[in-house]
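Down below is the structure, laid out as structure tokens.
The values are calculated or read from the model by the stated rules, or taken from the named source; none is laboratory data. In this text, all values refer to a predicted model and were calculated from it rather than measured experimentally. We place every Cβ from the backbone using ideal geometry, glycine too, and count neighbours over all the protein chains shown.
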Amino acid sequence: MQNTAIHGANRDALWLPFTAHRQFRQAPRVLISAKGMYYKDAQGQDVLDGCAGLWCVNAGHTRTPIVEAIQREAAKLDFAPTFQMAHPLAFEAAGRISALTPPGLDHIFFCNSGSEAADTALKIAIAYHRANGRAERSKIVGRERGYHGVGLGGLSVGGISSNRKQFGPLLADAAHLPHTYDPSRNAFSRGLPKFGAEYADALEKLFITHDPSTIAAVMVEPMSGSAGVLLPPVGYLKRLREICDKHGILLIFDEVITGFGRLGASFAAEKYQVRPDIMTMAKGLTNGAIPMGAVAVKDTIFTGFMQGPEAGIELPHGYTYSAHPVACAAAIATLNVYRDERLFERAAALAPYFEDAAHSLKDAPHVIDIRNEGLVAGIEIAPGDGEVSRIYKVFDTAFRQGVLLRCSGNTLSIAPPLIIEKNEIDRIFETIRRILITTS
Ligand code: PMP
């Protein structure tokens, strides 16, 4: 099927994000429609969605209740400002989210993406300390290989060099903890790696350079997704929590990927029983159907802002589309689907099968590590020496064979919608094995 919108004059009108643009336009991968576990591409091929779009379509594609909720609200209230006013679904969505977040994280600030959520969380952390007479707490600590989106705040706290290198010095007040990836001790771990809780102690080492009373917050993804499915070693997050508590530092979990069932629980905070002070979310919040992000904060942070004259704006921050009515409708409908179909429990129940399927690739060519938890797996591939990376070849061939994967660095990521069936899990990993056997 020759599509003039793709191959005609518009071809160069579109500049794609995070894309090798010249390589892409030689053989574009173009998606036309989607239903359940499958996309349909421009060639008319069904493509099994092995990465929930971009880790967001947790309930599967074009789910009727979500589509209808979006349609209804778009026809009823297409837009409402939420600066100095609100609308009913904004309250309802906030209430529904706060019922799902761990107890105490009950106040929800809306934005439109994971990047905005990251920057919002960082600004809240810094402003909170200022509002409470601790203006010296302005530094933020992130982690090597961390990904918190592409805003200047999230990028500065993030730790992926290829994302940072073109953008100059970034924000000065960010320091980084080491990542926890330790294949010499933890290769082919199933679930959380056994070794490495002590990587959290690096926070105390940072205090040699940065006095703890100058640090506003530590921000980490409980599981790093974009940097290649890096799971926290057993005990690591608890240890971070303890050190933060000891020094009055806020702990921020970026749950943009780990939220909404990916690990077989509502959030990683719930699964690992470690409670952050601030939590970011996006992606699965609306099943990817409409952009939306959110930040949940604990009560003391919210009330910490509710001081001073009542007519004063407590937090001078927000977006035109914060709590957009259509996004709120999508979020509520999405949370209904998760609840009614018990999708987080389903993910937990399927996890052992998914784990076995992922680890069945242990002896496949080029595989040097496999990591998994819930319905997410990362397969680390030895880098090849051709101009086109081996992992890109695997990703591209899989797409041509009807399976959508994600590759970042040398990791193939698999994170399907939580509605996936066992035979579809088999197909994903069998396709990867077949391709690895024939890829140089
Ligand atoms: N934080 C994390 C942990 C993410 O994985 C992502 C996106 N993959 C983001 C933030 C940024 O989200 P967005 O692309 O919606 O801005």
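Key figures for this structure:
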{"quantity": "Wholly enclosed helices (runs of 4 or more DSSP H) of segment 150-204 bearing at least 3 residues within 22 Å of the chain's Cα centre (by Cα) and closer than 15 Å to Val218 by Cβ", "calculated": "152-157"}
{"quantity": "Some residue of segment 169-180 being surrounded by 14 or more Cβ atoms within 10 Å (Cβ to Cβ) and either assigned by TED's automatic domain parsing to the domain that holds Ala351 or among the small types (Gly, Ala, Ser) (or both)", "calculated": "yes"}
{"quantity": "Complete set of residues in segment 237-270 that are free of Cβ contacts under 8 Å to residues at least 60 places away in the same chain and within 25 Å of Arg96 (Cβ to Cβ)", "calculated": "Leu251, Phe253, Glu255, Thr258, Gly259, Ala268"}
{"quantity": "Any hit, segment 380-394, residues being outside the structural domain of Ser162 (by TED's automatic domain parsing) and closer than 21 Å to Val57 by Cβ", "calculated": "no"}
{"quantity": "Ala217 touching a Lys or Arg at 6+ places or on another chain (Cβ under 7 Å) and among the small types (Gly, Ala, Ser)", "calculated": "no"}
{"quantity": "Scan of segment 279-297 for residues that are more than 13 Å from the ligand (Cβ to nearest atom) and closer than 16 Å to Lys123 by Cβ, ordered by number", "calculated": "Ala296, Val297"}
{"quantity": "Residue selected from segment 407-440 under the condition more than 22 Å from His61 (Cβ to Cβ) and of a type in the set (A, V, I, L, M, F, W, C), by the criterion surrounded by the fewest Cβ atoms within 10 Å (Cβ to Cβ)", "calculated": "Ile437"}
{"quantity": "Residue in segment 194-209 that is acidic (Asp, Glu) and within 16 Å of the ligand (Cβ to nearest atom) present", "calculated": "no"}
{"quantity": "Search result, residues across segment 374-387 that are under 24 Å from Ala20 (Cα atoms), in contact (Cβ under 8 Å) with a residue 12 or more places away in the chain and part of a loop (DSSP other than H, G, I, E, B)", "calculated": "Ala382, Pro383, Gly384, Gly386"}
{"quantity": "Residue within segment 398-406 that is over 22 Å from the mean Cα position of the chain (by Cα), surrounded by fewer than 23 Cβ atoms within 10 Å (Cβ to Cβ), on the phi > 0 side of the Ramachandran plot and not in a helix (DSSP H, G or I) present", "calculated": "yes"}
